[in-house]
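Asks: The following block contains the structure, expressed as structure tokens.
The values are calculated or read from the model by the stated rules, or taken from the named source; none is laboratory data. The shown structure was predicted, so the numbers you read here are calculated from the model rather than taken from an experiment. Neighbour counts are summed over all protein chains in view; Cβ atoms, including those assigned to glycine, are modelled from backbone coordinates with ideal geometry. The area values use the complete protein model at the heavy-atom level, side chains included, leaving out ligands, DNA and RNA. Shrake-Rupley method; radii C 1.70, N 1.55, O 1.52, S 1.80 Å.
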Amino acid sequence: MIKNCKESDNSASVGVVETQYFTFGQPPNMLVMESGERLGPITVAYETYGTLNADHANAVLVCHALSGDAHAAGKHSPDDAKPGWWDVMIGPSKGIDTDRYFVICSNLLGGCKGTTGPSSINPETGHPYGLDFPVITVGDMVRVQHELVAHLGIKRLLCVLGGSLGGMQALDWATRYPEEVASAIFIATSPLTGAQQIAFNAVGRSAVQADPDFLGGEYPASAGPRKGLAIARMMAHITYLSDVSMSRKFGRTLRNADHLGFSFDSEFNVETYLDYQGERFVERFDANSYLYVTKALDYFDIGAGFPSLDASLDRMTGRALVVSFTSDWLFPPYESEKIAYALARGGRDVSFCNVHSDYGHDAFLLEVDTLSRMVSGALAAAATPGRCCCTCNSPCADTPEVLPTTAVNSIFHAQRRVDHEMIVDLVDEGSRVLDIGCGRGELLCQLMQKKNVRAVGMEVDEAAVVRCVESGISVIHADIEKGLHTLPDQSFDYVLLSMTLQVLQKTDLALQEMLRVGKKCIVSFPNFGHWRPRFFTFFTGKTPVTKHLPYQWYDTPNRHVVTIWDFRAFCKQLGIRIDREILLSGDGTVSFLPNLRADEALYVLSAKE
């Protein structure tokens with residue numbers, strides 16, 4: 001039996017780590033910024049975890065968000081109170097397994113944690129740059145990281161990933177240097193910064209610049225616009241949370257009293273929490289860096305200069321995983337969907353999952369278990385292309401074994417998916433396949449192994465989507481009745497609908513969309529006209545309950561009780577051509593009295609010319 005991979009161990013650590021530094025861009029070889037200004041020398045603070053393998057093929061670049069830094073995992077000293085900002089994800093047996101991968105994280109350009117930024121010394125004046133520092137872009141940040149990666153002797157990254165602003169950097173990497181990125185993971189991010197985000201950033205910058213201690217950006221290192229920066233952080237922090245999480249954590253509770261104080265002091269727990277977040281932030285972050293990094297975020301638009309987002313992302317060549325969170329209103333899920341569908345329309349291997357979470361934007365730091373499973377699976381798939389159970393992060397060890405031929409194989413008592421076996425036989429080698437309602441990906445796994453197909457699933461159940469991603473199977477988290485309309489005509493050789501027909505709400509529209517998207521459709525469904533459910537209902541007076549129809553009448557997802565005769569008439573009514581009809585029972589195919597004797601029906605369909 002195939003063993004499942006090790007469970008993520010959040011107690012494991014990379015141990016004590018050290019920040020390293022790399023300097024480049026000495027005059028006259030300065031970096032030309034997107035603004036046209038020149039900057040150099042540039043120092044980059046970075047940390048690495050794990051070991052680079054002999055062929056330098058296991059490097060993973062982690063890009064941090066607005067207030068992050070190079071210290072992503074481990075501790076600088078055993079006495080440190082807290083580890084790095086993503087320690088729960090990076091380490092032995094974690095989502096980014098340092099026993100398998102060489103992980104790099106650098107402080108971004110314009111930051112204040114070791115990489116050149118406005119608080120760095122301007123070599124021309126001997127004083128901090130302040131507002132003389134050139135305005136930067138996400139592209140400038142990525143080009144600096146590119147210099148670091150080259151310095152480390154890495155020609156191609158296994159993966160670039162990040163959340164929020166880190167996801168924007170990953171997008172820029174994947175499109176600016178497509179041949180140097182085998183895969184990318186975009187978490188809680190967007191293809192551009194929208195008006196609402198720009199507005200929040202603008203108010204934050206105004207708060208900083210309106211502080212009397214801002215002094216035109218030339219404040220001393222020991223002082224500065226502390227009140228303005230704290231207010232900016234307080235407001236930004238609200239956007240990282242959700243209404244549900246704030247209500248659950250704070251409600252209307254008072255901090256130190258059981259009655260209202262009738263003053264303007266902070267008295268609600270949510271007020272004092274934000275006060276604390278602001279005070280803590282000013283102790284570790286530079287106000288000028290806040291101006292520059294938020295401005296770079298505002299300027300971001302991965303589609304700029306291209307006729308469409310599709311055209312921009314068409315530059316990307318590697319695999320992709322896109323993750324959003326349901327309660328994130330700063331980077332709403334529909335922005336991640338735009339990225340995922342643009343890549344899908346371009347024929348890329350892309351997975352998308354909209355994770356249910358009440359944490360808001362901060363979910364990318366807090367939904368550790370779900371994210372770890374998907375990131376681990378995406379990395380493993382990038383490291384070992386092709387389908388092989390021995391390299392699968394979540395092999396199908398828990399699926400029922402195939403019964404011997406003497407066993408009862410009726411779908412109504414099945415432990416074996418006969419329709420899967422038939423579909424594998426019907427699909428051509430090397431074709432492009434979309435499986436609607438793919439579940440945990442078992443059928444796609446068989447097709448990838450046996451027919452070497454380019455496969456993607458579409459599934460509405462989050463747990464099944466996570467399992468697919470964990471197993472290295474490309475999947476889009478969507479409902480068929482909403483998920484197909486953005487895909488182009490004839491973009492798949494086959495569209496599969498295996499044992500899902502009966503649960504669809506608008507079956508006619510779904511089949512028409514499938515035949516628009518695919519050249520052929522293969523549909524299987526349980527024949528409710530079979531004698532077993534008929535007799536069960538006749539003798540018991542109850543709705544039949546079987547292994548493949550395991551629901552009671554009151555909680556069943558099945559909307560339609562469809563028979564073979566029903567489906568034939570349905571196809572005729574819609575003008576759908578039946579290219580092949582395969583009617584199955586436990587004893588094989590059925591030709592005599594099929595609507596009574598066949599427990600399962602399988603059809604190959606195409607649109608009439």
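Asks: One residue is enough: does segment 156-174 have a residue meeting the conditions without any contact (Cβ under 8 Å) to a residue 60 or more places away in the chain and either in a helix (DSSP H, G or I) or not basic (Lys, Arg) (or both)?
Replies: Looking through segment 156-174, none of the residues is without any contact (Cβ under 8 Å) to a residue 60 or more places away in the chain and either in a helix (DSSP H, G or I) or not basic (Lys, Arg) (or both).
For every residue, the table says whether it meets (1) open to solvent by less than 10 Å² (accessible area, probe 1.4 Å); (2) assigned to a loop (DSSP other than H, G, I, E, B); (3) at pLDDT 95 or above; (4) of a type outside the set (Phe, Trp, Tyr).
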residue: 335; (1), (2), (3), (4): no, no, yes, yes
residue: 339; (1), (2), (3), (4): yes, no, yes, yes
residue: 343; (1), (2), (3), (4): yes, no, yes, yes
residue: 354; (1), (2), (3), (4): no, no, yes, yes
residue: 357; (1), (2), (3), (4): yes, yes, yes, yes
residue: 365; (1), (2), (3), (4): no, no, yes, yes
residue: 370; (1), (2), (3), (4): no, no, yes, yes
residue: 374; (1), (2), (3), (4): yes, no, yes, yes
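Asks: Among (1) in a loop (DSSP other than H, G, I, E, B); (2) touching a residue at least 40 places away in the same chain (Cβ under 8 Å); (3) among the acidic types (Asp, Glu), there is one condition residue 55 misses while meeting the rest; what is its number?
Replies: Going through the list (1) in a loop (DSSP other than H, G, I, E, B); (2) touching a residue at least 40 places away in the same chain (Cβ under 8 Å); (3) among the acidic types (Asp, Glu), residue 55 breaks only (2).
Asks: Give the residues of segment 567-577 that are surrounded by fewer than 16 Cβ atoms within 10 Å (Cβ to Cβ) and in contact with a strand residue (DSSP E or B) (Cβ under 6 Å, 6 or more places away or on another chain), sorted by residue number.
Replies: 577
Each row is one residue, and each column tells you yes or no for (1) more than 22 Å from residue 69 (Cα to Cα); (2) surrounded by 17 or more Cβ atoms within 10 Å (Cβ to Cβ).
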| residue | (1), (2) |
| --- | --- |
| 222 | no, no |
| 229 | no, yes |
| 232 | no, yes |
| 241 | no, yes |
| 247 | yes, no |
| 250 | yes, yes |
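Asks: Consider only pairs whose beta carbons are under 8 Å apart and that are at least six residues apart or on different chains; among these, list those whose first residue lies in segment 521-537 and is modelled with pLDDT of 75 or more and whose second residue is assigned to a loop (DSSP other than H, G, I, E, B) and among the charged types (D, E, K, R).
Replies: Going by the 8 Å Cβ cut-off, the qualifying pairs are 526/599; 527/599.
Asks: Quick one: is residue 132 surrounded by fewer than 21 Cβ atoms within 10 Å (Cβ to Cβ), at pLDDT 95 or above and over 23 Å from residue 240 (Cβ atoms)?
Replies: yes
Asks: Checking the structure you have, find out if any residue of segment 488-495 is open to solvent by 10 Å² or more (accessible area, probe 1.4 Å), within 21 Å of residue 326 (Cα to Cα) and hydroxyl-bearing (Ser, Thr, Tyr).
Replies: Scanning segment 488-495 turns up no residue that is open to solvent by 10 Å² or more (accessible area, probe 1.4 Å), within 21 Å of residue 326 (Cα to Cα) and hydroxyl-bearing (Ser, Thr, Tyr).
Asks: Closer than 21 Å to residue 281 by Cα, open to solvent by 10 Å² or more (accessible area, probe 1.4 Å), among the polar types (S, T, N, Q) and within 28 Å of the chain's Cα centre (by Cα): which single residue out of 119, 93, 106, 67 fits that description?
Replies: Unique residue meeting the criteria: 67.
Asks: Residues in segment 456-471: is at least one assigned to a loop (DSSP other than H, G, I, E, B), touching a residue at least 60 places away in the same chain (Cβ under 8 Å), open to solvent by less than 10 Å² (accessible area, probe 1.4 Å) and of a type outside the set (Lys, Arg)?
Replies: Checked against the condition, which is being assigned to a loop (DSSP other than H, G, I, E, B), touching a residue at least 60 places away in the same chain (Cβ under 8 Å), open to solvent by less than 10 Å² (accessible area, probe 1.4 Å) and of a type outside the set (Lys, Arg), segment 456-471 yields at least one hit.
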